[in-house]
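Novice: Attaching a single structure in structure tokens format; questions to follow.
The values are calculated or read from the model by the stated rules, or taken from the named source; none is laboratory data. What you are looking at is a predicted structure, and each value in this text was computed from that prediction instead of being measured. Here the Cβ is made from the backbone with ideal geometry for all residues, glycine too, and neighbour counts use every protein chain on show. Just the protein is used for accessible areas: all its heavy atoms, side chains included, with ligands, DNA and RNA removed. Shrake-Rupley method; radii C 1.70, N 1.55, O 1.52, S 1.80 Å.
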Amino acid sequence: MAPLSYLAGERLRLTVEGAEPLVIELDVAEAGPPAEPAPGRLLRPLPVSAIDRVEGRRRFEVVVDGWRFEVAAEPARLADLRDRARRASAEHRPHATATVRAQIPGRIVTVHVAVGDAVATGQALLSIEAMKMENEVRAPRAGTIERVAVASGDRVELGDELVVME
Amino acid sequence: MNRPPAALRVAAAESRRPPFRRVLVANRGEIALRIIRACHELGCEAVAVHSDADAGAPFVRAADAAVRIGPASPVESYLRAEVIVEAALRSGAEAVHPGYGFLSERAAFAEACRAAGLVFVGPSPETLAGLGDKLAARRAAARAGVPVVPGTLEPAPVEAAAVDGLLAEAERIGWPLLVKAAAGGGGRGMRRVESPSELPAALAAAAHEAAAAFGDGAVYLERLVSGARHVEVQLLGDTAGSVVALGERDCSVQRRHQKLVEEAPAPGLSEAQRRALHRLAVAVAREVGLVNAATAEFLWTPEGEPYFLEVNARLQVEHGVTELVTGLDLVQEQLRVAAGEPLSPAVLAAAERAATPERHAIEVRIGAEDPARDFAPVPGTITEWHEPGGPGVRVDAGVEAGSRVSGDYDPLLAKLLVVAEDRPAALDRLRRALDELRVAGIQTTLPFHRWLAGHAAFVGAELATDFVARHWQPAEARATAAREAAMLAAAARTGSHARKAVPASQAGQPAHDGRGPEDAGAGRTSGWREQGRLEATARWPR
């Protein structure tokens, strides 16, 4: 692929991925030179998908003081366009659903909710046992349970659908 | 150290027969590798057993032979006593070392080994059966005149009707108190009770959890000793009935009743306190007829009083700190004792010096856990693994670059241990070693340990089992690190392209990581330095 060349004045959007993503935009001139390896710091490129490539996005795994992050870096103007397109399509949808997925592989211990239950933000939906520990899966927002995809005793893999909320 | 000259050592090694010809290691990960190393140093062959998930793991490759025992799930592999005994017999092993966890404290497994003519490297099945029941252990300690945490010594009734009779007992113990499972461990089957009204529900819940987790719903009451430290004593006994204490460890830094950091000796104890504590531990061990290695756990109150908690009749995860302070190899001593040898002169000498330690060792557990999310386990694949080295550093690891960390097992990846002449020097060494440790691909407990090693309360040895709950507030540190990660990614993304268009006044600004503008001015126009950095980044990590 052709390398995207950057000019001062162009803006870069950085998204530190996670449950609560951190989004920073800055002028490429502020980015500074690549840092040299320092104690507790690591940076390595992650593989990019075809879509990443088209949108000029690159991904990095960055470790700072032992904290591990995945950071996407992309041209801010392309990210803005994409966001606008996404908002537009969301407005056309009558109602949004939220799918709760397994953050860790493991075994379902208890399912606390059933279809039709109204749940509040942070309410425990079910618990997964992994590595000898029970982990509560909580509702990301308030809503009604539309579907429960698992039962106690089921094994789930990373990313498996657990509960769909309306 | 008082070691004989090299020539004599060679002669001794030639004359000393290995305790066993072949030993089967009934465990996985770092502890299996640790045991295999001890076997090899003693001249024993080591047989590994492994699940499908562990095929090709470092401990399997280190062994002289390996036997597959089943799929990844522990109940279908590492917990199948009969399959492991069969593997031992078929591979010609004479002894079985169970490590910690899994089958290590199951009396039935020790019995199955004995019945098959194999030596179980650990206490007798009878001792294991007695110690597995915490209530029986509490009674044994009380018989030996060792103070136990105030509470009940018999199983508590859990039926609602009988709970009334227990209330008087509970009042005597005092509030808040703990309901604990007799067969419990790792905080399971444990409930904190603030007031009489909560007692019936807590008893029922704890009994239910204990029955589900351990197949035994017996529970008892114990006073909640607040502000206490967790201090434990390393014990070693031989078949002739000699038992010695090899020093104590402080393991107060815990989360969810599981240890994160351990050190030896326990800071702040006087020689007299150490001697008294070691005596209590030996008294309990004698009472239960302990053979081989075990640990007596105590609560150490803020007033400096020890209360017996329980005996773990196996090698502990944290045995290494005691090894670094005493100079012993506890696994080798376990194997010798299991072969019927008496406690070695080195062990007896170390026991003599146990109350006057001359070194300090600290261990931190590197686990696949997210310290920002209450230490939730995070399985994944390790893409980079670089261990620290140098003087006074030991790493017991079960993983390497490329290892898949499965959700089927305990998240412990490795133990980083340091030893130095005293605690401040050990802390300096720990910080240095943590700087050298590099892990990529998964989140680990590393940020917690880096924070801890510099935290005033830990440096000041203000230890208590609620240390983590009280002091660990990761949100801010993680947010700062996230911002820095974004800046590092930005710099890597733009490379030197942007720099060419930047006025010199801006280019000379200090880099975001606080480093000085060492290359401001001179050399800027040629770009050779940026080019070098770009190339370094492309190669990095090596």
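Novice: Within segment A:109-123, track down each residue that is away from chain B (no Cβ under 14 Å), out of contact with any Leu (no Cβ under 6 Å at 6 or more places or on another chain) and aliphatic (A, V, I, L, M).
Specialist: Across segment A:109-123, the qualifying residues are A:Ala114, A:Val115, A:Ala118, A:Val119, A:Ala120.
Novice: What strands (runs of 3 or more DSSP E), lying completely within segment B:25-138, carry at least 1 residues that are open to solvent by 30 Å² or more (accessible area, probe 1.4 Å)? Steps first, answer last, please.
Specialist: Details: elements: B:45-51, B:65-70, B:95-97.
Counting at least 1 such residues, we get B:45-51, B:65-70.
Novice: Then there's this: Every residue in segment B:375-385 that is open to solvent by 10 Å² or more (accessible area, probe 1.4 Å) and more than 9 Å from every other protein chain (Cβ to nearest Cβ), please.
Specialist: B:Thr381, B:Trp385
Novice: Test A:Ala50 against the stated conditions and say whether it is farther than 15 Å from B:Glu384 by Cβ and out of contact with any Leu (no Cβ under 9 Å at 6 or more places or on another chain).
Specialist: In short, yes.
Novice: Another question, then. Of the residues that sit in segment B:145-164 and are among the hydrophobic types (A, V, I, L, M, F, W, C) and crowded, with 18+ Cβ neighbours inside 10 Å, which one is farthest from B:Val284 (Cα to Cα)?
Specialist: Result: B:Val163.
Novice: Can you confirm whether segment B:366-387 contains a residue that is under 23 Å from B:Glu232 (Cα atoms) and touching a residue at least 24 places away in the same chain (Cβ under 8 Å)?
Specialist: yes
Novice: With the structure loaded, tell me whether B:Val405 is within 10 Å of chain A (Cβ to nearest Cβ), among the hydrophobic types (A, V, I, L, M, F, W, C) and buried (at least 18 other Cβ atoms within 10 Å of the Cβ) or whether it fails that test. Talk me through it step by step, then tell me what you get.
Specialist: Details: within 10 Å of chain A (Cβ to nearest Cβ): yes; among the hydrophobic types (A, V, I, L, M, F, W, C): yes; buried (at least 18 other Cβ atoms within 10 Å of the Cβ): yes.
Yes.
Novice: Restricting attention to segment B:449-482, and to residues there that are of a type in the set (D, E, K, R) and at the interface with chain A (Cβ under 7 Å from one of its Cβ atoms), which single residue is least open to solvent (accessible area, probe 1.4 Å)?
Specialist: B:Arg450
Novice: Sticking with this one: Looking at segment B:299-348, which of its residues are small (Gly, Ala, Ser), open to solvent by 10 Å² or more (accessible area, probe 1.4 Å) and not in a loop (DSSP other than H, G, I, E, B)? Show your work before the answer.
Specialist: Taking segment B:299-348 as the starting set, the residues that turn out to be small (Gly, Ala, Ser) are B:304, B:313, B:320, B:327, B:338-340, B:344, B:346.
With the extra rule that they be open to solvent by 10 Å² or more (accessible area, probe 1.4 Å), the set shrinks to B:304, B:327, B:338-340, B:344, B:346.
Residues satisfying the conditions are B:Ala338, B:Ala346.
Novice: Looking only at segment A:138-166, count how many residues are touching a Gly at 6+ places or on another chain (Cβ under 7 Å) and not charged (D, E, K, R).
Specialist: Total meeting the criteria: 5.
Novice: Can you find a residue that is surrounded by fewer than 22 Cβ atoms within 10 Å (Cβ to Cβ), modelled with pLDDT under 85, on the phi < 0 side of the Ramachandran plot and under 24 Å from the mean Cα position of the chain (by Cα) anywhere in segment A:8-21?
Specialist: Within segment A:8-21 (the criterion being surrounded by fewer than 22 Cβ atoms within 10 Å (Cβ to Cβ), modelled with pLDDT under 85, on the phi < 0 side of the Ramachandran plot and under 24 Å from the mean Cα position of the chain (by Cα)), the answer is yes, since at least one residue qualifies.
Novice: Additional query: Give B:Ala160, B:Ala144, B:Ala183 a once-over and let me know the one that is within 18 Å of B:Gly217 (Cβ to Cβ), in contact (Cβ under 8 Å) with a residue 24 or more places away in the chain and under 31 Å from the mean Cα position of the chain (by Cα).
Specialist: Among B:Ala160, B:Ala144, B:Ala183, only B:Ala183 is within 18 Å of B:Gly217 (Cβ to Cβ), in contact (Cβ under 8 Å) with a residue 24 or more places away in the chain and under 31 Å from the mean Cα position of the chain (by Cα).
Novice: Separate question: Please state which of the following conditions B:Trp451 fails to meet, knowing it meets all the rest: (1) part of a helix (DSSP H, G or I); (2) touching a strand residue (DSSP E or B) at 6+ places or on another chain (Cβ under 8 Å).
Specialist: Just one mismatch for B:Trp451, condition (2).
Novice: If you take the residues of segment B:219-240 that are modelled with pLDDT of 95 or more and not hydrophobic (A, V, I, L, M, F, W, C), which of them is surrounded by the fewest Cβ atoms within 10 Å (Cβ to Cβ)?
Specialist: B:Thr239
Novice: Here's something else I'd like to know. Among the residues of segment B:389-410, write down those that are in a strand (DSSP E or B) and acidic (Asp, Glu).
Specialist: Listed by number, the list holds a single entry, B:Asp396.
Novice: Restricting attention to segment B:90-102, does a residue exist that is without any contact (Cβ under 8 Å) to a residue 40 or more places away in the chain, among the charged types (D, E, K, R) and touching a helix residue (DSSP H, G or I) at 6+ places or on another chain (Cβ under 6 Å)?
Specialist: Within segment B:90-102, the first condition is being without any contact (Cβ under 8 Å) to a residue 40 or more places away in the chain, and the residues that meet it are B:90.
Narrowing further to those that are among the charged types (D, E, K, R): B:90.
Of the ones still in play, those that are also touching a helix residue (DSSP H, G or I) at 6+ places or on another chain (Cβ under 6 Å) are none.
No, that holds for no residue.
Novice: Are any residues in segment A:60-77 open to solvent by 10 Å² or more (accessible area, probe 1.4 Å), more than 7 Å from chain B (Cβ to nearest Cβ) and out of contact with any Asp or Glu (no Cβ under 6 Å at 6 or more places or on another chain), and if so, which ones?
Specialist: Correct list: A:Arg77 only.
Novice: Picking from B:Ala296, B:Ala272, which residue would you name as being buried (at least 22 other Cβ atoms within 10 Å of the Cβ) and of a type in the set (A, V, I, L, M, F, W, C)?
Specialist: The unique qualifying residue is B:Ala296.
Novice: Out of everything in segment B:411-448 that is within 7 Å of chain A (Cβ to nearest Cβ) and assigned to a helix (DSSP H, G or I), what residue ends up being most open to solvent (accessible area, probe 1.4 Å)?
Specialist: B:Asp435
Novice: Let me ask you something else. How many residues does segment B:165-175 contain that are open to solvent by 40 Å² or more (accessible area, probe 1.4 Å) and either closer than 15 Å to B:Val219 by Cα or not acidic (Asp, Glu) (or both)?
Specialist: 6
Novice: Tell me yes or no: at least one residue of segment B:356-364 is surrounded by fewer than 24 Cβ atoms within 10 Å (Cβ to Cβ), touching a residue at least 12 places away in the same chain (Cβ under 8 Å) and part of a strand (DSSP E or B).
Specialist: Yes, segment B:356-364 has at least one match.
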